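Contents: one structure, followed by commentary.
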Amino acid sequence: MKLAPVPITLSNCAKTFRGTRVLEPLELAIGAGETLVLLGPSGCGKTTTLRIIAGLETPDAGGRVCFGDDDVTALPIERRAVGMVFQNYALFPNLSVRGNIGYGLKIRRVAADETRRRVDELLAMMRLTEHADKAVDQLSGGQRQRVALARAIAPRPRVLLLDEPLTALDARLRDALRGEMNALLRELGITTVYVTHDQAEAMELGDRIVVMSAGRIEQTGTPRDIYYRPANRAVAQFIGTVNRLAGSWRDGLLTTAGGAVPAAYAAACAPTQQSATARHDTSMQPGARAQHGASTQHSASMHHSASTQHSASSQHSAPVQHSAPTQHSAPVAAQPAAQTVHPTHEVFFRPEDAWLADPSSAQLRGTVEHAAFLGERTRLTIGGAAPDALIVDVAGRVELARGTPVGLSIAPHALLALS
């Protein structure tokens, strides 16, 4: 099944409830066939934005919502041709699986033969054929999620809207269904807006991510842009883990509690003019879906693979001896921009962009405060190397006791200067 995609444009869309502004005026353009993820903490405005697109909320005066060339601002949800999947799925307990999937077609008075054909197609697509006549309360959480998705796309909507559809599932099932949903959205080719607070979901599913905070858009970009070139520290701290190095500048070095790191790249690694304006990037370039589709699963787990590369030699050498990362395992530095380092003399880096080294020659020295074994990696908390404790990811087989002295080096081109 392939659905006809339509672009979406939000112009000057704000929302006020009882005198309280919950969504600041925003401009957003979503490409036809794009999967756009609205990401942020609770209360950031992402669900309000989704409800405005759906027609469940009306923007404040002056706001406009367009599907292609059609201004749908004043249209209710039933006239916008949207499919929607809610967090609790909202399935009808008195209907079978087949009845739930075909409900929208029945309401639209689609012919019985066509309804059966579409429902059968969706049952097969969702691997639910053998459950067609079951009541929904006989299904697992993952099966209910697939019924809700099938019901949403049965009427062949122009836009698919998903409001945290995986939140209620356990972690293992959520991971499995995330991959299935990603493949399904690519197959359908439908314009999709997906709301979540889960970073892994956003990284894997989104062609682009909109990071929101306090009713505003902080940054819009591809998963790699958001992760490697965050627009500010709020974005960097929300997406993944980020370390802070504070100190004073001395002869091109940032000198801190446990040593000094070369900081010549700090300005270059700050957001460039292109990435600094990414929060205003409201259109998707042709072909972006295909390009991102090839790398989206890698993006979702990039910090795991990078940390494994950094410490791949740990099994064959002393625990604190690790080879420096290869060129491809760290973020590519952005081009230098006319921007100075933050006046408080601090830079930031990701846990996978540092590696353990011989303390006698390392840039920084500290001690292990905590080691969390996470299976494929061990996450170390290093104290004494900087004013704040630093988080470093190494291979899972590395075992270091609390209090072990360690050296730490950081890829200079991975340093970020953030406002």
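The values are calculated or read from the model by the stated rules, or taken from the named source; none is laboratory data. Remember, it's a predicted structure, so these values are computed and weren't measured experimentally. Here the Cβ is made from the backbone with ideal geometry for all residues, glycine too, and neighbour counts use every protein chain on show.
Of the conditions (1) surrounded by fewer than 19 Cβ atoms within 10 Å (Cβ to Cβ); (2) over 20 Å from Leu36 (Cβ atoms); (3) modelled with pLDDT under 90, Ala246 clears all except one; give me its number.
(3)
Could you say whether any residue in the stretch 77-100 is surrounded by fewer than 14 Cβ atoms within 10 Å (Cβ to Cβ) and under 15 Å from Leu162 (Cα atoms)?
Within the stretch 77-100 (the criterion being surrounded by fewer than 14 Cβ atoms within 10 Å (Cβ to Cβ) and under 15 Å from Leu162 (Cα atoms)), the answer is yes, since at least one residue qualifies.
Working only within the stretch 180-231, note down all residues that are among the basic types (Lys, Arg) and farther than 27 Å from Ala124 by Cβ.
Taking the stretch 180-231 first, the residues among the basic types (Lys, Arg) are 186, 208, 216, 224, 229.
If the condition is that a residue be among the basic types (Lys, Arg) and farther than 27 Å from Ala124 by Cβ, then Arg208, Arg216, Arg224, Arg229 are the ones that fit.
What number of residues within the stretch 163-173 are buried (at least 20 other Cβ atoms within 10 Å of the Cβ) and either in contact with a Lys or Arg (Cβ under 8 Å, 6 or more places away or on another chain) or outside any loop (DSSP other than H, G, I, E, B) (or both)?
2
State all residues of the stretch 338-379 that are under 21 Å from Arg244 (Cα atoms), at pLDDT below 90 and part of a loop (DSSP other than H, G, I, E, B); if no residue qualifies, say none.
Gln339, Thr340, Val341, His342, Pro343, Thr344, His345
With in the same structural domain as Glu34 (by TED's automatic domain parsing), surrounded by 16 or more Cβ atoms within 10 Å (Cβ to Cβ), part of a helix (DSSP H, G or I) and over 11 Å from the mean Cα position of the chain (by Cα) as the only criterion, which of Met203, Met181 stands out?
Values: Met203 fails: over 11 Å from the mean Cα position of the chain (by Cα).
None of the others qualify; the one that does is Met181.
Select, from Glu78, Glu121, Glu114, the only residue that is closer than 21 Å to Glu57 by Cα and either in a helix (DSSP H, G or I) or not assigned by TED's automatic domain parsing to the domain that holds Lys46 (or both). Give the steps one after another, and end with the answer.
Values: Glu121 fails: closer than 21 Å to Glu57 by Cα; Glu114 fails: closer than 21 Å to Glu57 by Cα.
Matching residue, one of Glu78, Glu121, Glu114: Glu78.
Return the residues of the stretch 388-408 that are surrounded by fewer than 21 Cβ atoms within 10 Å (Cβ to Cβ) and part of a strand (DSSP E or B); say none if nothing qualifies.
Those that are surrounded by fewer than 21 Cβ atoms within 10 Å (Cβ to Cβ) and part of a strand (DSSP E or B): Ile391, Ala395, Pro405.
Quick check: is even one residue across the stretch 126-133 modelled with pLDDT under 90, charged (D, E, K, R) and in a loop (DSSP other than H, G, I, E, B)? Even if it seems obvious, please write down each step before you answer.
Pass one, the stretch 126-133, residues modelled with pLDDT under 90: 126-127.
Checking which are charged (D, E, K, R) leaves us with 127.
If we keep only those that are in a loop (DSSP other than H, G, I, E, B) too, we end up with 127.
Checked the stretch 126-133: at least one residue is modelled with pLDDT under 90, charged (D, E, K, R) and in a loop (DSSP other than H, G, I, E, B).
Take the conditions touching a residue at least 40 places away in the same chain (Cβ under 8 Å), basic (Lys, Arg) and surrounded by 14 or more Cβ atoms within 10 Å (Cβ to Cβ) and apply them to Arg118. Does it pass? Show your work before the answer.
Numbers: touching a residue at least 40 places away in the same chain (Cβ under 8 Å): no; basic (Lys, Arg): yes; surrounded by 14 or more Cβ atoms within 10 Å (Cβ to Cβ): yes.
Here the answer is no, as Arg118 does not meet what is asked.
All but one of (1) surrounded by fewer than 23 Cβ atoms within 10 Å (Cβ to Cβ); (2) in contact with an Asp or Glu (Cβ under 7 Å, 6 or more places away or on another chain) hold for Thr35; which doesn't?
With (1) surrounded by fewer than 23 Cβ atoms within 10 Å (Cβ to Cβ); (2) in contact with an Asp or Glu (Cβ under 7 Å, 6 or more places away or on another chain) applied to Thr35, the lone miss is (1).
Take the residues in the stretch 66-75 that are in a loop (DSSP other than H, G, I, E, B) and either among the polar types (S, T, N, Q) or without any contact (Cβ under 8 Å) to a residue 40 or more places away in the chain (or both), then tell me which one is farthest from Ile107 (Cα to Cα). Step through it out loud before you land on a result.
Taking the stretch 66-75 first, the residues in a loop (DSSP other than H, G, I, E, B) are 68-69, 72-75.
Now drop any that are not either among the polar types (S, T, N, Q) or without any contact (Cβ under 8 Å) to a residue 40 or more places away in the chain (or both), which leaves 69, 72-75.
Numbers: Asp69: 27, Val72: 21, Thr73: 23, Ala74: 22, Leu75: 18 Å.
Looking at the filtered set, the residue picked out is Asp69.
Inspect the stretch 52-62 for any residue being β-branched (Val, Ile, Thr), surrounded by 23 or more Cβ atoms within 10 Å (Cβ to Cβ), in the same structural domain as Ala202 (by TED's automatic domain parsing) and part of a helix (DSSP H, G or I) and give the result as yes or no.
First pass over the stretch 52-62, keeping only residues β-branched (Val, Ile, Thr): 52-53, 58.
Checking which are surrounded by 23 or more Cβ atoms within 10 Å (Cβ to Cβ) leaves us with 52-53.
Narrowing further to those that are in the same structural domain as Ala202 (by TED's automatic domain parsing): 52-53.
From what's left, part of a helix (DSSP H, G or I): 52-53.
So far as the stretch 52-62 goes, yes, one or more of its residues are β-branched (Val, Ile, Thr), surrounded by 23 or more Cβ atoms within 10 Å (Cβ to Cβ), in the same structural domain as Ala202 (by TED's automatic domain parsing) and part of a helix (DSSP H, G or I).
Name the residues in the stretch 46-103 that are closer than 24 Å to Glu114 by Cα, within 24 Å of the chain's Cα centre (by Cα) and not hydrophobic (A, V, I, L, M, F, W, C), would you?
Across the stretch 46-103, the qualifying residue is only Gly83.
Would the stretch 238-250 turn up any residue that is without any contact (Cβ under 8 Å) to a residue 60 or more places away in the chain, part of a helix (DSSP H, G or I) and not assigned by TED's automatic domain parsing to the domain that holds Ala14?
Checking the stretch 238-250: not a single residue is without any contact (Cβ under 8 Å) to a residue 60 or more places away in the chain, part of a helix (DSSP H, G or I) and not assigned by TED's automatic domain parsing to the domain that holds Ala14.
Which residue, of Thr20, Thr16, is surrounded by fewer than 19 Cβ atoms within 10 Å (Cβ to Cβ), at pLDDT below 95 and either closer than 24 Å to Leu188 by Cβ or out of contact with any helix residue (DSSP H, G or I) (no Cβ under 6 Å at 6 or more places or on another chain) (or both)?
Numbers: Thr16 fails: at pLDDT below 95.
Being surrounded by fewer than 19 Cβ atoms within 10 Å (Cβ to Cβ), at pLDDT below 95 and either closer than 24 Å to Leu188 by Cβ or out of contact with any helix residue (DSSP H, G or I) (no Cβ under 6 Å at 6 or more places or on another chain) (or both) holds for just one of Thr20, Thr16, which is Thr20.
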